[in-house]
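For reference, the structure is listed below as structure tokens.
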Amino acid sequence: MVQASLLVDPRLDDVRAAITEAHRAWALHSGEELKDEQVEEEVHPAAEYPSRPGKNLSEVLDNLRALAYLGIRADALSVTGSHCEPDQARRVRLSMPGTFVALLGLPTPGGTAPIWATIVGHEEAQGALRRPWAGSRHAVFRAFTQLANGTVLHELRTGSAGVAPAETAIPTALETVVLWLASYSDLFSRPATSTRRLLQRDAASGALLPPLLRPHTLSWHRLGLAAMDPSQRTAEHASQSLAPILPAD
């Protein structure tokens, strides 16, 4: 079992400033009837983002589709949300059945290092394709989005999280983020590791939230174990400032 001390809390307030920068980029695509040819290209020099050699987006998506037991479906999308070939993709959509949909933005067509993330409910997925910066109307997914952007920013800054053993191909940033997201398949049923409470009132939003903090700075092997085996996961609430409620069975 991973110890609670390994959990990395990006602290939601600290992440908000960084996400604001991503929101500015997302606002470039706020038109209601955008066509691919009408969208002004975002400028993201490739040299600014870490790359991990050996895989392109098509290979990464093939690997993710082969891992059907993770419960995540991955699709390559254009900047306007239509399906496209992986080498032209500017978005990757990840669907966790019955739990959430994640949209990850890529800096260049076919990139494998996402630069922003937004998490929404399944009923909000279509709207998120057109206006990803708008966010979810559900407090749990807004908080989850902030944490996901913290994980994405960590990957961009370090480019080394989840390094694989020497005999294994080095995982891309996208694969690392997807494995971390896969560990949330039981988002609404796993209680906090330390308190065994399922819901706790969030001090910032006042909403009752499940434990959202799950470690992402693990080795590639341990991250994979957490993604595939719920018994290997830990989860904690982002705030312990108010008394927890609703104990788990």
Scan region 172-183 and tell me whether some residue there is modelled with pLDDT of 90 or more, more than 22 Å from Pro114 (Cα to Cα) and part of a loop (DSSP other than H, G, I, E, B).
no
Region 216-232 - residue that is surrounded by 22 or more Cβ atoms within 10 Å (Cβ to Cβ) and in a loop (DSSP other than H, G, I, E, B) and, of those, farthest from the chain's Cα centre (by Cα)
Leu218
Residue list for region 181-214, restricted to those being within 15 Å of the chain's Cα centre (by Cα), of a type outside the set (A, V, I, L, M, F, W, C) and crowded, with 22+ Cβ neighbours inside 10 Å:
Ser183, Tyr184, Arg214
Can you list residue pairs whose Cβ atoms sit under 6 Å apart, with the first residue in region 124-150 being buried (at least 19 other Cβ atoms within 10 Å of the Cβ) and modelled with pLDDT of 85 or more and the second being part of a loop (DSSP other than H, G, I, E, B) and β-branched (Val, Ile, Thr)? Count only pairs 6 or more apart in sequence or on different chains.
none
Considering (1) in contact with a helix residue (DSSP H, G or I) (Cβ under 7 Å, 6 or more places away or on another chain); (2) within 28 Å of Ala238 (Cα to Cα), say which one His122 fails and leave the rest.
(1)
Failed condition for Phe100, given (1) modelled with pLDDT under 95; (2) crowded, with 22+ Cβ neighbours inside 10 Å, with all others met?
(1)
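The values are calculated or read from the model by the stated rules, or taken from the named source; none is laboratory data. For clarity, every value in this text was computed on a predicted model and none was experimentally measured. In this analysis, Cβ positions are derived from the backbone assuming ideal geometry, glycine residues included, and neighbour counts consider all displayed protein chains.
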